[in-house]
Amino acid sequence: MVTSGFTQSLRGTSCATKQSPSLRKRLFRFFESQYRAESRKAVLRSARNDMFVITLVLLFTVSAFAQDPSFQASVDKNPVAVDDRFTLSFALNNAGMGGGKNLKLPNLDKFRIMMGPSTSSSMQIINGAVSSSVTYSYVLQPKEVGKFTISAASIEADGKTYTSKPFTIEVIKRSPQQKPQKAQQGLSVNAGVQEQLSNNIFLRASVDKSRLMQGEQVNLVYKLYTRVSVQNYNLTKAPTMTGFWSEDADMPKQIQLSSETINGKQFQVGVIKRTALFPTQSGTLEIGPMEITTLVTVRDRRTWDPFDSFFNDPFGRQIEYVVKSEPVRIKVDPLPAGAPSSFKGAVGKFTMNAKVDRQNTKTNEPMSLKVTINGTGNIKVLESPAVELPTDFEQYTPKVSDNINRREAKVSGSKTFEYILIPRYPGKKTIKPVEFSYFDLEKSQYITLKSSEIELNVEQGAAGAAPFVSSNLREDVQLLSQDIRFIKVARPSFTRQGEYLHTSGMFIAMMLLPLAGLAGAFVYACQRQAVMSDIVGYRNRQAIKVAKRGLKNAEVLLNQVASGNDGSSEKKIRFYSEVAKSMWKYLGDKLNIQQADISIDGAVNALTTRSVNEETSTALKSLLESCEMARFAPTSLSLDTMKTTYDDASKIIVDLERTLKA
Amino acid sequence: MMKRFSILTVFLVATLAFAETPEQYFDLANQAYQQSKFAEAVQKYEQILQSGVAGGELYFNLGNAYYKSGNVSKAILNYERALKLMPNDDDLRHNLQLANLMITDKIEPTPRLFLWDWWDSITSSVSLRTVTWLCYCLFVLVIGAIILAMLAPSYAKRRIAFVGGLACTMLLIVGLVVFIGKLHQVNTTDTAIVTANITTVKNSPDAKSSDAFVLHGGVKVFITDKVNDWIKIRLADGKVGWMEQKAAEII
């Protein structure tokens, strides 16, 4: 935890060529404490893993053993001498390693905070009892002699606020143990000499203007006025410059001395520090006092007698004397409203130049766009101007380099932002003008600088030229922002709540439609089946028709025989076969038997079982027999016999029809 | 049913006296939405719903209006309702996903048997209406095949009709299973969205009982039981507890 105070003290030591032993000792003490804190932390860090395990294992026991948190304030010495430093530490014990927050310091008006806070933490586990402590230390220096109460400080930890006990610290003129140290350095400095010196050596801080705009440069100069011989000086406390960005001017190694007369006294004047300040906020800002420790040579007052001086030490005595400047107040006005969007706090006078290293390039080959800003002003705080690239360019964070000239009264220089661009697709590309805005102090207005548009001609690079370009460099379509999709504006068709398609009347009707079709088809199929299954009845019903048709044929043949008088046996045979066929067919249909299956006797028997009378069946039998006989001896048949046969057949059929139907 | 319908009609006439049809009123609500008057749009959409009509687009737009007026849990509720009616809508899924990103509670669903995921993906990819029509078509095909099998003049044709009818019957059975599942999903009242901004879930249906966990608005819960004004809920990650019924709204 290197604090700003620490760096300040480092700066102080770096310009010291020779340190007083006491200072060295003090610094050493400080380093030592820092080192101890650092090493303690390193140990803690390495132990953290182990500790984690231990913490896990001992979670419950630890909570049982953990001690109550406490917050204590202490000083490393009491009483303390004026101008002597002491350490005020606040220790937060057993409140976890995270430490506390919102440390509220007591009123320390009577002391100067030389550095701090520096934080150190420690943790101990003894027999399972864990004690941790976080210490916040401040190095203080009393301003005056007296007894002062350091009132309660408070800190927040684990959601609770802890306060320390107030205590009293006594500030005495000079600590007794410091005297021997001083004695080594030189003779004790009595009050007379102190007063004598305060008139003869002092430090002055001056600014070239006390009212300025935010971001405007102000030069702060520290001059050491002296009428005594200063052997050496050493910056012991750098001025606090909160609210400023400061740029220390380069100082020559050897301080140039000039003479100046103040109140009739001639002083040697040396500029020991020159700083350019740029306020980063508005309001009344204070530059804290700077303190230097000088090593001056004094001669005792009485030895100023020229007669005595010969016998005294001609080089005088060397004593350490602390010189302090007064704080400086500066009023800073805020920048006027209406800053352009590209304004990022630059104040001064600048020029800008943007250029690419080449205008013709190939895909996947890196190129650079250099934006250089030149001018005077707060050049160091300039931020990189936004560069709007065509979308298919890959852009990396710019490389920033600056070159600041601190020798002149006004800080000037240049800052270069180098953007590395990789075009990914060929074609003519345009880089939009780079914009940079600053506040011009002379014109007291915002000025926006614009570069010209940069035209690029990107050619397709060789495929092998950039093997690193693989498919994973392909970019997804970038979503600019995530928002819900827009509402549906097309007119929907609403349904009643709780009403579904399958319960609607229309749907039910539609369901019934195929069912009705099915039913209809079923009925039709059944009817057809019934008709098909009643083939016997059908034949029965049709038997008389068929028989009559057959007899009609026979009658035609009979008439032909009768009228034609040709008496050919062929016609006669056809007549008889026609009659026989008709008879057999009729019997087959009526009795539901195949014609081939029946004989004359079988037919007669079947007829008898169907209660056909004897007469008819005998007549049928004789008819069928005569028909069979006629087929073998046709010539013997006369026309009359044929007629009788025909009439018999007709009669038998009519008789059978009547009997079988009944 | 008839009585209910007449009551609804009366309601409809009463609430929408100044707009002829819910569709026209829907346009008015959309206009309010487009003019960024989201609260007004919410009110109008809700009025349409109160008149007894429903529609996926209506719930979707209402969800959008709630989302824009900052009520994410109500938005999720209405998106979920819309999802039942139009599960295939891409915009709806996108918006629901986005709204779900904004809820406070992060709930990791416990892994389930993959079959359940399949079933869910099937039932959630089709709407009830589509399944109904699909089943109807299959039903007509089956009937047609039966008729053909009865009346076809030749044996070969009857055979083709029979095989085709059998295949259609199989498909119809699958379709009916999906239909019943879908019907259950649509009619189910066992999922709800927590609409209260924050609610404490108790270990038993009693305000004095110990706190089980705390839920924030927008979380989907499954209702497994109900006692008086308390519902027993289960989260997607398996946590179970009791909460007051008024803190959640059934989808």
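Observations, loosely collected:
- Rg over Rh, two decimals, segment A:127-176 (C-alpha only, Kirkwood Rh): 1.13
- Couplings 3J(HN,Hα) for segment A:582-594, derived from phi with the Karplus relation 6.51 cos²θ - 1.76 cosθ + 1.60 (θ = phi - 60°), are 4, 5, 4, 4, 4, 4, x, 5, 5, 8, 6, 9, 6 Hz, where x marks Gly and Pro.
- Under Karplus coefficients 6.51, -1.76 and 1.60, residue-wise ³J(HN,Hα) of segment B:200-206 in Hz, glycine/proline x: 9, 8, 9, 7, 8, x, 7
- P(r), alpha carbons of chain B - 5 Å bins starting at zero, rounded %: 1, 6, 10, 12, 14, 13, 12, 10, 7, 5, 4, 3, 2, 1, 0, 0
- Note on A:R329/A:K160: beta-carbon distance plugged into 1/(1 + (r/R0)^6) with R0 of 51 Å gives a FRET efficiency of 0.80.
- Taking the longest Cα principal axis of chain B as reference, the axis of helix B:56-68 is set at about 20 degrees.
- Note on segment B:114-187: the alpha carbon radius of gyration divided by the globular reference 2.2 N^0.38 Å gives 1.36.
- Remark: mean inter-chain Cβ contacts per residue of A:507-515 equal 3, using a 10 Å Cβ-Cβ cutoff to other protein chain atoms.
- For segment A:535-661, the Kirkwood hydrodynamic radius comes to 14.7 Å, computed from all pairs of different C-alpha atoms.
- Scoring A:653-659, A:262-268 by mean Cβ neighbours within 10 Å over their residues and listing the highest first yields A:653-659, A:262-268.
- In this structure, A:E459 and A:R485 have a Cβ-Cβ separation that, at R0 = 56 Å, corresponds to a calculated FRET efficiency of about 0.85.
- Taken over segment B:191-250, the alpha-carbon convex hull comes to 66 cubic angstrom per residue.
- Label point distance in nm, A:R549-B:T200, each placed 7 Å from Cα along Cα→Cβ: 10.2 nm
- Three-way shape call for segment A:349-462 based on the alpha-carbon gyration tensor, with the a/c threshold at 1.5: prolate
- Distances between placed amide hydrogens fall under 5 Å for A:S229 paired with A:T297, all partners being 5 or more residues away or on another chain.
- Cα-based equivalent ellipsoid, segment B:144-196: semi-axes from gyration tensor eigenvalues, Å: 43, 8, 5
- Segment A:85-165, Rg to Rh (Cα coordinates; Rh as Kirkwood inverse mean 1/r): 1.03
- Here's how it looks for A:K110: its modeled amide H is under 5 Å from none belonging to a residue 5 or more places away or on a different chain.
Readers should treat all values here as calculations from the given coordinates under stated rules, not as data from a laboratory. As the structure is a prediction and not an experimental result, all values here were calculated from the model. No Cβ is skipped: glycine too gets one built from the backbone with ideal geometry, and neighbour counts run over all protein chains shown.
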